[in-house]
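The values are calculated or read from the model by the stated rules, or taken from the named source; none is laboratory data. A quick note: this is a predicted structure, and the numbers were derived from the prediction, not measured. Cβ placement follows ideal geometry from the backbone for every residue including glycine, while neighbour counts extend to all protein chains displayed. All accessible areas refer to the heavy atoms of the entire protein, side chains included, with ligands and DNA or RNA removed. Shrake-Rupley method; radii C 1.70, N 1.55, O 1.52, S 1.80 Å.
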Amino acid sequence: MRPCKCNLLSFLVLLVTFLSAFVHCEDPYRFLTWKVTYGDIYPLGVKQQGILINGQFPGPQIDAVTNDNLIINVYNYLREPFLISWNGLQHRRNSWQDGVEGTNCPILPGRNLTYAIQVKDQIGSYFYFPSLGMHKAAGAFGGIRIWSRPLIPVPFPPPAGDFTILAGDWFKLDHRRLRRVLENGHNLPFPDGLLINGRGWNGNTFTVDQGKTYRFRISNVGLTTSINFRIQGHSLKLVEVEGSHTLQNSYSSLDIHLGQSYSVLVTADQPVKDYYIVVSTRFTRRILTTTSILHYSYSRIGVSGPVPAGPTLDITSSVYQARTIRWNLTASGPRPNPQGSYHYGLIQPSRTIMLANSAPYINGKQRYAVNGVSYVAPDTPLKLADYFNIQGVFYVGSIPTSPNGGNNAYLQTSVMGANFHEFVEIVFQNWEDSVQSWHIDGYSFFVVGFGSGQWTQDSRVHYNLRDTVARCTVQVYPRSWTAIYMALDNVGMWNIRSENWARQYLGQQFYLRVYTPSKSWRDEYPVPKNALLCGRASGRRTRPF
């Protein structure tokens, strides 16, 4: 009997030790509670009804460290359904948390939803935004900063401060009226102005000490226009783009297209006074401009002189700048191994997907399309329909993988199929006269090439297969193409969309179903226990744990 007691005691000690180690190894949790309400805002000097988070416009900053778990409980106090999405967060194995119409039922008025998000193997600068309707035109967006873990090298000294700039175009019309404009078959009017962190001219002040270096994280959270960012008398050293550390080139100004995020280092190396921080529209006949103030400590001299002019309609300089943004191959990313250890250029894509945007009229109304298909949302989120095997909501292959070459666009709940672990080449072909901006949820992809005219197989000769940057949002210039490589290593239902919100709302989007027959949690998490159910999924059961 005595040996049995010893064995049992030893087993219990080992079990407790194992469980303790497991608990201590779990990644940290950060708990946030957000209350979404209406509130009066005056971004352009005119009273508007905004959408606030915890009474703030823009919303609260999210700070996390690589692999942190974010538990965000969102309460909807609006009179309309609401969802939050996370621009650039990859939701590894977990498209249930993406917060877009194809994956989640909306949070109804008076209800709440708790998002459980792990920022797995990510660093960098991103933002969140409201994804339904035209809510993005009313606020409820905010910045996301994901810091590197301790002891993971960062390729620049710690800055003296870290500032977030959420910039973009703004309309005086409220989001409901903008939605009616679109639903009546018209495009949006030209914006009324630009905002920096929710304010107009000289509405924000960023204080710096002479001789010190600061990090500015800039995101274009607007609806319709590319912007140019610059600081009077100061150089911008680019260090990070949507989670990728870059070669540290210096620029006098940076083009930031819809949905994109950049990090720059700015050294306060000028005489003590105040300087303009400037944002202006790009590629628009009428140029909109707004400013904030870079204030040197102890300065008694305000901003002076003309606001520094930026580039306007010139495409060539923007293309050149885009080609100079390169991956820092020797820098660590979210893990200690160098970014360049992943040799994307040595992998042969299994197939090429070509996506062409267009602006057709369907049933007498303005719509926007991808490969001739203008997306319409079903009555049940695609992800729920897929999980519960609900027939008739969508079918895989309802959008072709290349342009159909015809002019007969049509409405469809468009879903493209792909297999887990495929490595694909995607070409965005733009035959219109405006800059397009494309975003892919759930992924970071390699921007291997830009070119004018029609993409052909010969275009691959000019690809950058060594050190192009990995990011989640990319621009396509007028009458041009952009090519990306992407490893389909994240199972789920993922939104591919225009970041021009009018075009997205009127159909320039679709969903990529990255599929595996495996039911293992190693590949994809099951439906969350707290998932909201709606449409034809109403009355179903999620899971008991």
*Starting from the exponent 0.38 and prefactor 2.2 Å, build the expected Rg for the stretch 73-117 from its residue count and divide its actual Cα Rg by it.*
1.13
*Provide the per-residue ³J(HN,Hα) series for the stretch 419-436, in order, calculated from phi with Karplus coefficients 6.51, -1.76, 1.60 and θ = phi - 60°, each as a whole number of Hz, with x at glycine and proline positions.*
9, 3, 6, 5, 10, 10, 9, 10, 10, 8, 9, 10, 9, 8, 8, 10, 6, 9
*Longest to shortest principal axis, alpha-carbon extents of the stretch 84-155, angstrom*: 44, 26, 20
*How large is the dipole of the stretch 487-535 about the Cα centre if only Lys and Arg carry +1 and Asp and Glu carry -1, each at its Cβ, rounded to the nearest 20 debye?*
120
*Would you work out which of Val278, Ile72, Ala331 lies farthest towards the positive end of the dipole of the chain? Charges go on Cβ: Lys and Arg +1, Asp and Glu -1.*
Ile72
*Translational diffusion coefficient, Stokes-Einstein: compute it for the stretch 207-247 using the Kirkwood radius over C-alpha pairs as Rh, at 10 °C and 1.306 mPa s, and state it as an integer in µm² s⁻¹.*
125
_Could you tell me which residue out of Leu108, Tyr375, Ser235 lies farthest along the dipole of the chain toward its positive end? Charges go on the beta carbon: Lys and Arg +1, Asp and Glu -1, centred on the Cα centre._
Leu108
_What does DSSP give for the stretch 165-247 in terms of the percent of beta bridges that are antiparallel, rounded to the nearest 5?_
70
*Hey, what's the per residue convex hull volume over the C-alpha atoms of the stretch 176-227, in cubic angstrom?*
105
_Tensor-based shape of the stretch 299-363 (alpha-carbon gyration tensor, a/c under 1.5 rounded, otherwise prolate or oblate)_ = oblate
*Mind checking the per residue accessible area of the chain for me, 1.4 Å probe, whole number of Å²?*
42
*So what are the stretch 267-393's ellipsoid semi-axes, whole angstrom, largest first, if each one is the square root of 5 times an eigenvalue of the alpha-carbon gyration tensor?*
43, 28, 19
*For the stretch 336-436, fraction of C-alpha pairs farther apart than 18 Å, in %*: 60
*If you take all C-alpha pairs in the chain, what percent of them are over 38 Å apart?*
27
*Cα lying deepest toward the dipole's positive end in the stretch 448-545, options Thr542, Tyr485, Ser518, charges on Cβ*: Thr542
_Rh (Kirkwood; distinct C-alpha pairs) - the stretch 159-300, Å_ = 16.0
*Hey, any idea what the orientation-averaged projected area of the convex hull of the stretch 453-545's Cα atoms comes to, in nm²?*
10.0
*Relative contact order (%) - the chain, alpha-carbon pairs under 8 angstrom, separation at least six*: 14
*Using a cut-off of 12 Å between beta-carbons, work out the net charge of the residues near Leu329 (Lys and Arg +1, Asp and Glu -1, Leu329 not included).*
+1
*Net charge dipole size for the chain [Lys, Arg +1 and Asp, Glu -1 on Cβ; Debye, nearest 20]*: 860
*asked:* Looking only at the chain, where both bridge partners belong to it, what percent of the DSSP beta bridges are antiparallel (to the nearest 5)?
replied: 70
*Any idea what Rg and Dmax come out to for the stretch 118-192 if you just take the C-alpha atoms, in Å?*
18.0, 55
*For the stretch 179-189, what does the Karplus curve 6.51 cos²θ - 1.76 cosθ + 1.60, with θ = phi - 60°, yield as ³J(HN,Hα) per residue in whole Hz, taken in order and with x for Gly and Pro?*
5, 5, 4, 5, 5, 7, x, 10, 7, 5, x
_the chain - percent of accessible surface contributed by carbon and sulfur, probe 1.4 Å_ = 54
_Restraint check, Lys47/Lys273; Lys35/Lys120; Lys136/Lys519; Lys136/Lys365, Cα-Cα greater than 31 Å_ = Lys47/Lys273; Lys136/Lys519
*For the chain, calculated [θ]222 nm from helices alone, where every DSSP H run of n ≥ 4 adds -39500 (n - 2.57)*: -3000 deg cm²/dmol
*Computed E for Ile347/Lys529 - FRET, C-beta separation, R0 35 angstrom, nearest 0.05*: 0.40
*Quick one: which residues, 5+ away or cross-chain, put their amide H under 5 Å from the amide H of Leu488? H built at 1.01 Å from N.*
His421, Glu422, Phe423, Val424
*Quick one: if the Förster radius is 41 Å, what FRET efficiency do Leu108 and Asp162 give, using the C-beta to C-beta distance and rounding to 0.05?*
0.65
*Project the alpha carbons of the stretch 24-122 onto their principal axes and report the range along each, largest first, in whole Å.*
50, 26, 22
*In terms of the Cα gyration tensor, with a ≥ b ≥ c the square roots of its eigenvalues, is the stretch 232-288 rounded because a/c is under 1.5, prolate because a/b exceeds b/c, or oblate?*
oblate
